[in-house]
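Q: Have a look at the structure that comes next, please.
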């Protein structure tokens, strides 16, 4: 049978014209995270540890829409969410509405392992994070200039955007999304 | 959104997904990622992490549907994933998945998905577009 791993950094209308200075760092992060996951599997770490480890790395990379680099709500804040699940036991943990937790995926795992529940959200999730002593940071840690710009664009277009879909600005003539470049809009 | 799925040499499976959600989303909006069976799912047959438009992925119960097609219909991971992604509204859904037999699928009906995979037999891929 053998081991296998797959990871993603979001899907959407990613323009073919994505300039190298935006494409290469993302590809490099995918390559680095794949290496980390493969090394963990080769070291016979359980898949639950492997997926948490890889997603933590992706959360810490500001080029992807999770953790640092999370896209912004209409109030220019972050509300992060995550979920983890073990196939054999179907045990799972999920969190939503996090604004200070550095690695949401690890808090999701603690929900799975330390509570009788599956899903904690907003104030409850944040206070559970304090209780568990997971790493937290000021909300500004997660906010990047790129995402502030994307929120501005989305507001101008009066849209809510999925991952990488380009906002078509109301005020400007219809512009093909492939001309606007990377958006990491989430 | 970011996600990872893995299976070890003994067939143990796990899935994990994390996201900031949608740009300009309302306060309190929940997407597919934390909804078990939508954006994230794993059982004894497969593990799935989905990404795209949360509302569409929740409506399609993407994660659980892929597993159910394998569980009840005996489809392969690829057939199950292709069926679910093709039947989700175009431009809304991408997923990565692994199966207990070491199959890997990275399927999407958007123009692209940042993705990477590797298998013990030495095959690997890093890609964005088709």
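Read-outs throughout are calculated quantities, based only on the coordinates presented, and are distinct from any laboratory measurement. What you see is a predicted model; the values in this text were computed from it and never measured. Here the Cβ positions follow ideal geometry from the backbone for every residue, glycine too, while neighbour counts run over all protein chains shown.
Q: Residue by residue through A:43-54, how many Cβ atoms from other chains fall within 10 Å of the Cβ on average?
A: Neighbouring Cβ atoms belonging to other protein chains average 6 per residue here.
Q: While we're on this one: Could you tell me whether chain A comes out rounded, prolate or oblate from its Cα gyration tensor? Rule is a ≥ b ≥ c as square roots of the eigenvalues, rounded for a/c under 1.5, then prolate if a/b exceeds b/c, otherwise oblate.
A: oblate
Q: Counting DSSP beta bridges with both partners in region A:60-136, what percentage is antiparallel, nearest 5?
A: If we restrict to bridges inside region A:60-136, about 65 percent are antiparallel.
Q: Let me ask something additional. Which angle between 0 and 90 degrees, to the nearest 10, do you get for helix A:104-114 versus the longest principal axis of chain A when only C-alpha atoms count?
A: 30 degrees
Q: I'd like the mean, over residues of A:64-70, of how many other protein chain beta carbons sit within 10 Å of each residue's own Cβ.
A: Numbers: counts 6, 9, 9, 4, 1, 2, 6.
For this peptide, the per-residue mean of nearby foreign Cβ atoms is 5.
Q: Hey, can you rank B:40-51, A:95-106 by average C-beta count inside 10 Å, highest first?
A: Going by the mean number of other Cβ atoms within 10 Å, highest first, we get B:40-51, A:95-106.
Q: Now for a different question. Hey, fewest Cβ within 10 Å first, where do B:58, A:143 land in order?
A: B:58, A:143
Q: Now for a different question. Shape verdict for region A:33-140, please, from the Cα gyration tensor: rounded (a/c under 1.5), prolate (a/b greater than b/c) or oblate. Don't skip to the end; give the middle numbers.
A: Values: a/c = 2.16, a/b = 1.26, b/c = 1.71.
Oblate shape, in that a/c is at least 1.5 and b/c is the bigger or equal ratio.
Q: Can you tell me the FRET efficiency between residue A:130 and residue A:77 if r is taken as the Cβ-Cβ distance and R0 is 30 Å, rounded to the nearest 0.05?
A: After rounding, the FRET efficiency stands at 0.95.
Q: In nm, to one decimal, how far is the modelled label at residue A:140 from the one at residue A:42, with both set 7 Å along Cα→Cβ?
A: Each label point lies 7 Å from its Cα, and together they span 4.2 nm.
Q: Right, here's the next one. By count of other Cβ within 10 Å, fewest leading, how are A:126, A:59 ordered?
A: With the fewest neighbours first, A:126, A:59 line up as A:126, A:59.
Q: Next question, about the same structure. Among DSSP bridges having both ends in chain A, what percentage is antiparallel? Round to the nearest 5.
A: Restricted to chain A, the bridges split so that about 65 percent are antiparallel.
Q: If you line up the long axis of helix A:20-42 against the longest principal axis of chain A, both from Cα atoms, how many degrees apart are they, to the nearest 10?
A: For A:20-42 against chain A, the angle is about 10 degrees.
Q: Provide A:1, A:112 in ascending order of the number of other Cβ atoms located within 10 Å of each residue's Cβ, fewest first.
A: A:1, A:112
Q: To continue, here is another question. Report the label-to-label distance for residue A:17 and residue A:91 in nanometres (one decimal), using points 7 Å from each Cα along the Cα→Cβ vector.
A: 5.1 nm
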